[in-house]
1. Here are L382, L408: which of them is more than 20 Å from P278 (Cβ to Cβ), loosely packed, with under 12 Cβ neighbours inside 10 Å, in contact with a helix residue (DSSP H, G or I) (Cβ under 7 Å, 6 or more places away or on another chain) and at pLDDT below 95?
2. Here's a check for you: in region 144-180, which residue that is free of Cβ contacts under 8 Å to residues at least 12 places away in the same chain and assigned to a loop (DSSP other than H, G, I, E, B) is farthest from K221 (Cα to Cα)?
3. With (1) modelled with pLDDT under 95; (2) within 24 Å of the chain's Cα centre (by Cα); (3) over 30 Å from S290 (Cα atoms) as the list, and A131 as the residue in question, which single condition is left unmet?
4. Sort out which residues of region 111-133 are surrounded by fewer than 18 Cβ atoms within 10 Å (Cβ to Cβ), of a type in the set (D, E, K, R) and either in contact with a Pro (Cβ under 7 Å, 6 or more places away or on another chain) or assigned to a helix (DSSP H, G or I) (or both), and write them in order of number.
5. What is the one condition in (1) farther than 23 Å from L97 by Cα; (2) at pLDDT 90 or above that N339 does not satisfy?
6. Just checking, how many residues over region 23-45 are at positive phi and part of a strand (DSSP E or B)?
7. Of the numbered conditions (1) of a type in the set (A, V, I, L, M, F, W, C); (2) in a helix (DSSP H, G or I); (3) surrounded by 19 or more Cβ atoms within 10 Å (Cβ to Cβ); (4) touching a residue at least 40 places away in the same chain (Cβ under 8 Å), F48 satisfies every one except a single condition; which is it?
8. Does E189 fit the bill of being at pLDDT 95 or above and either within 20 Å of V254 (Cα to Cα) or loosely packed, with under 13 Cβ neighbours inside 10 Å (or both)?
Amino acid sequence: MQTNILHPELSRTYVGCDSHQNTHTFVFLTCFHKKLGEITIGSAPSEFPKFLKQAKKYLQPNTKFVFGFEDVTAYGRAFVKFLVGKGYLVKHVNAVLVAGVRSTTLHKTDSHDAECCAKVLINEFDKLPIATPQDKYWTLSTLVTRRNGITKNNVGVKNSLHHLLAENYPHYKTFFSSVMRDSALAFYEKYPAPHYLENVTEQELTEFLHTASKGRLSTTKANLILSTVKCDQVQTTEFQETRDFNIRSLIRQVRSNLAELVAIDQEIEKLLTHFDYPLTTIKGIDTLTSAKLIAEIGDIRRFKNAKALAKYAGVAPVTYASGMTKLQMANERGNRKLNEIFYRIALTSVMPMGTSKALINPIFYEYYHKKISEGKLKNQALKCVQRRLVNIIFSVMRHKRPYINPSLGYIPQEEAA
């Protein structure tokens, strides 16, 4: 007796989506890349049920819809959440892969982008992670993104402050170890230019610095500043008052940013109590790094194994082979934000830190140098550390159990390729 069993690829109608702020464009394909049609709808949630009614005319016999979205965290998130709630399978399609398919033609439209997304969905179906738009992951991601934005803004403000201070105090870098310290900000806010110090005595400045630094700075620092200013002989210039205002404005912005970072960190720590991922038990991963990892990885159940996570993060190498030549190259198509997080954890885990040259993670330090002794270059050895980190982080998140750091001298076995 013969039974008709469809190959899995034949049992699906593939739908690619190109999401924008005001519209979503969907293109429907068979597994043979035959275009069945397309639908463009508005982005309001009231449009979503209407789309499903229209989409039924493109559903092939004995098949189910599967959807592919490039954008699952911004404009496309609400639609993805709606589809998942209705029981549909939605895959997160790598934007780099879509761009690769798009590059074979010269034109670019929403319809073409959606079709390219659908083609990647067909070709890479088993390799693409499942989209799981859970609110807690998205909320954590927005907090981390907000924090990253403020941090980046603070770098720009700090650079501007350095530039203006150099004009007023040529040797300002000898005054304080960092212009971002409370004592430095307090000093430059009160004395943005040397002319404010003209009638200030050493005792007065000492008392001010002592209070601003909570007792750390004393007469020695006050004497250094006053003597340096006297030696430099910087004169007031035209529009000096406006230039001084600019410095004080930058300092107010720095203070505001730092206060906002503290508030965000508290909110992140509170939100992390809703996750059962004890990542901070791994040496080298603090609360903030844990939040960044969870925000980028999302629900760990999206990934079949550690190898799939490594590929998603761009940590697993790709092979370039031709004839007798075979090279292992870095994978540039992974999630670049997640890749950078793994890189930074690996780097801090193997490098001695501070003047004491303390090791954050002696196990990885030993593992890193073992790889170098085997003939690997430093960047290759660091990539091995990243790959081990993927295995550990995947295991901790999958099993939701704290990581027990092995004792020094233990060399972990290589992960199977």
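The values are calculated or read from the model by the stated rules, or taken from the named source; none is laboratory data. What you see is a predicted model, and the numbers here were worked out from it, not measured in a lab. With ideal geometry, Cβ positions are generated from the backbone for all residues, glycine too; neighbour counts draw on all protein chains shown.
1. Values: L382 fails: loosely packed, with under 12 Cβ neighbours inside 10 Å.
When all the criteria are applied, what remains is L408.
2. S178
3. Of everything listed in (1) modelled with pLDDT under 95; (2) within 24 Å of the chain's Cα centre (by Cα); (3) over 30 Å from S290 (Cα atoms), A131 misses just condition (3).
4. D126, K127
5. (1)
6. Within region 23-45, the subset at positive phi is 33, 37.
Okay, now just the ones that are also part of a strand (DSSP E or B), so 37.
Total meeting the criteria: 1.
7. (4)
8. On the way: at pLDDT 95 or above: yes; either within 20 Å of V254 (Cα to Cα) or loosely packed, with under 13 Cβ neighbours inside 10 Å (or both): yes.
Yes, satisfied.
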